[in-house]
Amino acid sequence: MPYIEDFTTLPAGTTSWPDGQVTICPICGRTGIEQLMTEEGTTVILHSQASEMLGDGLLVEPEECCTLSRA
């Protein structure tokens, strides 16, 4: 069963372990966590993500994010 983490409900400056510090998105103004998405080579502000425990490990996928730039 997937678990949805919504970073828009946290105030800026909060630390969400192990994801990072909550910041305000310069694109939409909502809060989120800045992350480098290495597969795509982009930096995003992650507003929510889904986590699900599978038989071979933990699957974490972005649900909603704003793209800031290419790395």
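Any read-out appearing in this document is the output of simple, stated calculations on the displayed coordinates, not a laboratory observation. These figures come from a predicted structure and were not determined experimentally. Note that we place each Cβ from the backbone using ideal geometry, even for glycine, and neighbour counts take in every protein chain shown.
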Completion exercise
For Cys65, the residues 5 or more places away or on another chain with a placed amide H closer than 5 Å to its own amide H are His47
Completion exercise
Sorted on mean Cβ neighbours within 10 Å (highest first), peptides 49-59, 16-26 come out as 16-26, 49-59
Practice task
Could you check the simple spin-label distance between Ala50 and Ile4, using points 7 Å along Cα→Cβ, in nm with one decimal?
Solution key: 0.9 nm
Completion exercise
The Cα extents of the chain along the principal axes, largest first and rounded to whole Å, are 38, 26, 17
